[in-house]
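Here is the structure we will look at, set down as structure tokens.
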Amino acid sequence: MRVGFVVQNCLKLPTSAIDDAIRIAKQKLDEWDRREARVARYSALLSSSQKRKFEEAYLRATTDLTMRLHVLVLLRRSLSFRKPKGRRPHSWDYEVDFNEMKTVLLSDLELLLRFPNCFGEKCRKRVFHHLSVALLSLLNGLRISEAIEAFWKAVSGNFVRSSSNLHRVHVRVRKKRGREEFRDAYIHPLVLKGIKDLGIKASDKDLNLTRQSVSVFLSRNYGVNPHSLRYAFISAMVKRGVPLPIVCRITHHSKLDFLLTYTSQRYGEEALEEFIREVV
């Protein structure tokens with residue numbers, strides 16, 4: 001079951017009540033902001049102790065409401081995700097939207113880290129492993145085997161030295177004519193936080209993290225296959241105007257023709273639809 005549903009059941013919060021809870025939290029935050037404005041307007045009439053008490057109460061209340069609102073928004077994002085209807089005819093493409101998939105994976109990952117007690121210890125780690133691999137695959141355009149290797153290197157702290165604040169690792173892509181080929185994979189900060197908070201260790205490799213288990217996890221919870229995450233990354237890069245040869249180099253496709261099969265059908269149909277809308 002998807003993380004959002006598990007946390008919802010744990011909190012005993014009906015789906016119909018989430019929107020109302022979000023609205024009430026926003027109203028309370030607005031009310032505290034109005035109170036702060038009134039206190040600032042009449043600050044000359046208040047003593048220093050009264051101001052300090054109000055500031056403490058304001059900070060305490062707004063912090064609690066902001067955290068509650070954030071959790072409710074995460075829940076709504078997770079629960080509102082709808083599985084794709086299915087594959088495109090004669091293709092394995094599930095038409096996964098990069099931003100939508102990134103949002104739901106990050107929401108589920110953050111919910112897991114905020115409410116770890118809603119899961120058993122082994123289940124918690126297993127779900128974290130699979131969510132992290134899916135997120136790394138999506139954000140880097142990695143094959144699942146590459147994403148799994150990147151995850152375990154992050155667990156081991158085997159990072160590449162870099163002048164930036166981004167954490168990255170080297171993963172092996174394939175052996176080609178006796179020569180090993182490598183590429184960079186960037187590790188999302190939320191994955192690093194989960195590794196630390198949940199106490200993930202290299203000895204956890206017995207928790208069945210394989211290409212097949214990731215495929216089953218994605219199919220059951222999100223209705224997609226692993227390769228559609230890589231496809232979504234490539235589609236997002238093309239939409240950003242990155243030249244196809246550069247995308248081909250990033251994803252380590254051996255031929256540009258292979259990359260064209262990712263993009264030509266979907267964007268050909270989108271271009272035709274846009275043209276028809278303009279002329280009709």
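The values are calculated or read from the model by the stated rules, or taken from the named source; none is laboratory data. Note that this is a predicted model, so its numbers are computed, not measured. No Cβ is skipped: glycine too gets one built from the backbone with ideal geometry, and neighbour counts run over all protein chains shown. Please note that ligands, DNA and RNA were not included when accessible areas were found on the heavy atoms of the full protein model with its side chains. Shrake-Rupley method; radii C 1.70, N 1.55, O 1.52, S 1.80 Å.
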Legend entry - Where a residue in the range 175-204 is assigned to a helix (DSSP H, G or I) and its partner, wherever it lies, is at pLDDT 95 or above and small (Gly, Ala, Ser), with Cβ under 7 Å and at least six apart: Val191/Ser132; Gly194/Ser132
Legend entry - Members of the range 64-86 that are touching a residue at least 12 places away in the same chain (Cβ under 8 Å) and closer than 18 Å to Arg2 by Cβ: Val71, Leu72, Val73, Leu74, Leu75, Arg76, Arg77, Ser78, Leu79, Phe81, Lys83, Pro84
Inset, instruction - Exactly one condition in (1) modelled with pLDDT of 90 or more; (2) open to solvent by less than 20 Å² (accessible area, probe 1.4 Å); (3) within 17 Å of Ile144 (Cα to Cα) is not met by Ile200; state its number. - result: (3)
Inset, instruction - Among the candidates Ser203, Ser228, single out the residue that is out of contact with any Phe, Trp or Tyr (no Cβ under 9 Å at 6 or more places or on another chain) and farther than 12 Å from Leu135 by Cβ. - result: Ser203
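What about Ile195, is it under 28 Å from Leu113 (Cβ atoms), modelled with pLDDT of 80 or more and surrounded by 13 or more Cβ atoms within 10 Å (Cβ to Cβ)? If you could, list the steps in order and put the result at the bottom.
Working: under 28 Å from Leu113 (Cβ atoms): yes; modelled with pLDDT of 80 or more: yes; surrounded by 13 or more Cβ atoms within 10 Å (Cβ to Cβ): yes.
When the stated conditions are applied, Ile195 passes them.
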Inset, instruction - Could you look through the range 141-169, keep only residues that are among the β-branched types (Val, Ile, Thr), over 23 Å from Asp97 (Cα atoms) and at pLDDT 90 or above, and pick out the one that is most open to solvent (accessible area, probe 1.4 Å)? - result: Val155
Legend entry - For Ala134: the one exception among (1) over 15 Å from the mean Cα position of the chain (by Cα); (2) within 30 Å of Arg68 (Cβ to Cβ); (3) buried (at least 23 other Cβ atoms within 10 Å of the Cβ); (4) small (Gly, Ala, Ser): (1)
Inset, instruction - Tell me, yes or no, whether the range 205-216 has at least one residue that is open to solvent by 20 Å² or more (accessible area, probe 1.4 Å), part of a helix (DSSP H, G or I) and more than 25 Å from Asn99 (Cα to Cα). - result: yes
Legend entry - Checking Asn225 against (1) open to solvent by less than 60 Å² (accessible area, probe 1.4 Å); (2) modelled with pLDDT under 80, the condition it does not meet: (2)
